[in-house]
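Before any comments, here is the structure.
The values are calculated or read from the model by the stated rules, or taken from the named source; none is laboratory data. From a predicted model like this one, the values you see are computed outputs, not experimental measurements. Ideal geometry is used to build each Cβ from the backbone, glycine not excepted, and the neighbour counts take in all protein chains shown. Side chains are part of the model used for accessible areas, which takes the heavy atoms of the whole protein and leaves out ligands, DNA and RNA. Shrake-Rupley method; radii C 1.70, N 1.55, O 1.52, S 1.80 Å.
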Amino acid sequence: MEKSILLVEDEPGLRKTLGDRVRDEGFKVETAANGIDGFDKAATGLFDLVVLDIMLPRKNGLDVCRDLRHEGIDTPILMLTARSQTFDKVLGLKIGADDYLTKPFEMPEFLARVEALLRRPALKGYSSALRFGGIRFDPRRAEVWRDAKQVPVSAREFQLLKYFTEHRGETLTREQLLRAVWGYDSAPSTRTVDVHVAWLRQKLEEDPKQPKWIVTVHGIGYRFGD
Ligand code: CA
């Protein structure tokens with residue numbers, strides 16, 4: 001699958017130059033021009049890499065990075081710093097950035113850092129937290145939050161939601177979900193899947209009758225996400 005990069009940079013010229021360049025390399029690119037927008041986009045957990053400027057309007061890059069890590073988002077982060085910000089670099093790495101690059105930099109250097117971070121293999125069984133709608137899902141802590149409130153989920157609901165989020169956008173058959181979540185040994189009917197999906201919808205969807213996240217694919221099964 002095509003890797004996607006979120007570029008958080010307030011200077012329009014640099015945002016365009018960097019964006020065009022990584023797009024030429026075959027990556028998907030989304031951009032944000034301030035820290036709040038950057039945080040909201042990065043917190044979806046949908047990116048393979050975040051390039052994050054430090055000096056940003058509304059919320060600076062260090063705060064964005066710290067808050068993302070605090071929420072369990074472990075997407076690699078490449079920080080962009082100004083030449084004079086020695087202190088920021090150290091602090092950046094301390095609060096969870098993976099690498100940094102000092103402005104001004106040469107394009108090949110930038111691309112080399114980007115590619116190095118994207119090559120880094122994801123740790124197995126270690127999935128990052130993510131946000132969708134008003135929901136925050138943290139698979140490592142097995143926690144689901146709606147707005148500021150924790151939503152209790154059963155072990156099975158948790159497994160099911162985890163599987164859905166790991167297969168975002170894919171149509172999943174009931175049999176596939178049964179095997180993945182209930183295992184080969186137990187023999188519940190596919191109806192069990194429907195029941196658990198209904199419970200999850202009650203907990204996660206704003207309108208469980210018109211689900212936005214766990215959608216029915218008629219005659220086949222379900223799909224998570226847009
Ligand atoms: Ca800036």
I'd like the carbon and sulfur percentage of the solvent accessible area for the chain, probe radius 1.4 Å, heavy atoms only, ligands and nucleic acids excluded.
51 percent
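Assign one of three labels to the range 4-119, namely rounded, prolate or oblate, based on the Cα gyration tensor with a ≥ b ≥ c the square roots of its eigenvalues; rounded applies when a/c is under 1.5, prolate when it is not and a/b is larger than b/c, and oblate otherwise. Working shown, then result.
Details: a/c = 1.32, a/b = 1.13, b/c = 1.17.
Verdict is rounded for the range 4-119.
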Give me a comma-separated list of calculated 3J(HN,Hα) values for the range 101-108, in order, Karplus coefficients 6.51, -1.76, 1.60 applied at θ = phi - 60°, integers in Hz, x for any Gly or Pro.
9, 8, 7, x, 10, 7, 4, x
Take every DSSP beta bridge with both residues inside the chain and express the antiparallel ones as a percent of the total, to the nearest 5.
50 percent
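What number, rounded to the nearest 500 deg cm²/dmol, is the helix-based mean residue ellipticity at 222 nm of the chain, given -39500 (n - 2.57) per DSSP H run of at least four residues and division by all its residues?
Working: 8 runs with 84 residues, N = 226.
That calculation yields -11000 deg cm²/dmol at 222 nm.
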Given H placed 1.01 Å from N in the peptide plane, which residues other than close sequence neighbours of residue 59 have an amide H under 5 Å from its amide H?
35, 36
Residues with amide H under 5 Å from that of residue 45, placed H, sequence gap 5 or more:
131
What distance in nm separates the simple spin-label points at residue 168 and residue 150, each placed 7 Å from Cα in the Cβ direction?
2.4 nm
Determine the per residue accessible area of the range 130-224 with all protein chains present and a 1.4 angstrom probe, expressed in square angstrom.
56 Å²
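Counting other Cβ atoms within 10 Å of each Cβ, which GluC sites (Glu not before Pro) in the range 19-106 have at most 11 and sit in a DSSP loop?
On the way: sites: 25, 30, 71, 106; in loops: 25, 71, 106.
Filter output for the range 19-106: 106.
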Cut-off under 5 Å, modelled amide H: who pairs with residue 3 long-range:
28
Grab the other residues whose beta carbon is less than 12 angstrom from that of residue 27, score K and R as +1, D and E as -1, and report the net.
-3
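Which whole-number percentage describes the relative contact order of the range 1-49, with Cα contacts under 8 Å and a sequence gap of 6 or more? Before the final figure, lay out the partial values.
Working: 65 pairs, mean separation 24.6, N = 49.
Relative contact order here is 50 percent.
Quick check: net charge around residue 98, other residues with Cβ under 11 Å of its Cβ, Lys/Arg +1 and Asp/Glu -1? Kindly include the intermediate steps, with their values, before the conclusion.
Numbers: positive: 69, 113, 120; negative: 74, 99.
So the environment of residue 98 carries a net charge of +1.
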Which residue fluctuates the most in the chain, going by a Gaussian network model with Cα springs under 10 Å, if the choices are 198, 112, 97?
112
At 7 Å along the Cα-to-beta-carbon direction for both residue 120 and residue 107, put a label point, then send me their distance in nm to one decimal.
2.5 nm
Can you give me the distance in nm between label points at residue 99 and residue 207, each placed 7 Å from the Cα along the Cα-to-Cβ direction?
4.6 nm
Can you compute 3J(HN,Hα) from phi for each residue in the range 173-178, using the Karplus curve 6.51 cos²θ - 1.76 cosθ + 1.60 with θ = phi - 60°, rounded to whole Hz and x for Gly and Pro?
7, 4, 5, 4, 5, 4
Hz values of 3J(HN,Hα) by residue in the range 208-219 - Karplus curve (6.51, -1.76, 1.60), Gly and Pro given as x
x, 7, 10, x, 9, 9, 9, 9, 7, 9, 4, x
